[in-house]
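Everything below concerns the one structure shown next.
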Amino acid sequence: MSRAFLVVMDSVGAGGAPDADSFFNDGVPDTGANTLAHIAQACAEGRADDGRTGPLAMPNLDALGLGAAVRLASGDATPGLEASPKGLWGAATEASRGKDTPSGHWELAGVPVPWDWHFFPKADPAFPDDLVAEVCRLADVTGILGNRHASGTVVIEEEGARHIETGWPICYTSADSVFQIAAHEEHFGLDRLLALCEGLAPTLHAMKVGRVIARPFVGDPGNFERTPNRHDYAIDPPAPTLCDWVQQAGRRVQAVGKIGDIFSMRGIDEVRKGPDADLMEHLMSYIAEAPDGSLTFANFVEFDSIYGHRRDIAGYARALEWFDAQIPRMLASLRPDDFILFTADHGNDPSWTGTDHTRERVPVVGFGRGLREVGQVAFTDVAASVAMHLDVPAQGPGRSFL
């Protein structure tokens, strides 16, 4: 029985979103943003030589059709990614009115977002008084720190010392529909932070805020470091997703990375988490061991969380080249009837203004279904195609491109 592996390279966009002009970074429209093309161009021009040199080297995904997918999505040049495709390749366009993690993943899993997310204003303070009061009640504190739009690493450096002194949680948001709480694992307590986020989540979800995110950190002032114990408390998907379809058919669903959080563990039997290097080994274990008929759904987040938001072109390029170097052992370990599909949930162009995600199409590149150009497809078509490969009934609006 066939197996499927759906691998999301978080934020590895391909440009060309037709509605990019209605999404913004620091007041500038995302028109023209292109994560992969702009990284490739920067590498070719010698502007990304920190820890690496030369053109962007992704020969394995490019051989499957990565460069061709970017050019299809946007028409932009992709120096270094110019191979003739030998796999399945195309580009997907998102319908949901968001460039955030839940919207992208849910739609890839067959369910577009049917509502408008709530976003907090870019003001100081950013949060309403009643919400601050609820945080204080749940945490048993008299105040909060932050209360603004901020970079997670920056706000920890700015507020961490006072957090240790007062015991007040650091609360912040971004251009995404999120409420994030950072707290020191030792001084505040990891279990206490997780309980706070879990207790607050129903209030935020009722407001249509997509996620409450626990952001634990350790260390001392001037040397704070976030830990891998992040946990997302996401609003439930509004309808059964690909994960549910597979589970309802009596098959197993394995999650790698933050997939379990994004889907609130709905339709998921098992999850393995950690930094991306560990996630790669978890994925390889599932490729070796996952049962017949199963779905393994993986997210590799560090492209986005470490390099995209920080606008680190060279770091992003290094991460892409590391990921691509893992592809040969993935493909060599697949069984004859397996299908593996690589895609993304949104963009985060590290050459762009601001620090937020960028509205882009995403590449769709696969192995196990022969040489197949699928053209321009919808995010929901990814779910329908994976379901068809697994011979599982699809319940969403997408159409299979297989």
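The values are calculated or read from the model by the stated rules, or taken from the named source; none is laboratory data. If you're wondering where the values come from, they're calculated on a predicted model, not measured in any experiment. Here the Cβ positions follow ideal geometry from the backbone for every residue, glycine too, while neighbour counts run over all protein chains shown.
In the stretch 244-283, the residue that is surrounded by the most Cβ atoms within 10 Å (Cβ to Cβ) out of those that are of a type in the set (G, A, S), farther than 17 Å from F323 by Cβ and within 18 Å of the chain's Cα centre (by Cα) is A255. For the stretch 282-295, filtering for residues that are under 12 Å from S333 (Cβ atoms) and of a type outside the set (G, A, S) leaves 5.
Of all the residues in the stretch 1-22, those that are modelled with pLDDT of 95 or more, assigned to a loop (DSSP other than H, G, I, E, B) and either charged (D, E, K, R) or more than 17 Å from A73 (Cα to Cα) (or both) number 4. Residues in the stretch 140-154 that are in contact with a Lys or Arg (Cβ under 8 Å, 6 or more places away or on another chain) and either on the phi > 0 side of the Ramachandran plot or touching a residue at least 60 places away in the same chain (Cβ under 8 Å) (or both): S151, G152, T153. Among the residues of the stretch 307-351, those that are hydrophobic (A, V, I, L, M, F, W, C) and part of a strand (DSSP E or B) comprise F339, I340, L341, F342.
Restricted to strands (runs of 3 or more DSSP E) entirely inside the stretch 81-174, those with at least 3 residues that are small (G, A, S) are 88-93.
The strands (runs of 3 or more DSSP E) found wholly in the stretch 197-269 and carrying at least 1 residues that are within 24 Å of E185 (Cβ to Cβ) and among the aliphatic types (A, V, I, L, M) occupy 211-220, 231-234, 253-256. Summed over the stretch 175-193, the residues that are within 19 Å of T101 (Cβ to Cβ) and in a helix (DSSP H, G or I) give a count of 0. From the list A37, A33, the lone residue that is in contact with a helix residue (DSSP H, G or I) (Cβ under 7 Å, 6 or more places away or on another chain), in a loop (DSSP other than H, G, I, E, B), buried (at least 17 other Cβ atoms within 10 Å of the Cβ) and on the phi < 0 side of the Ramachandran plot is A33.
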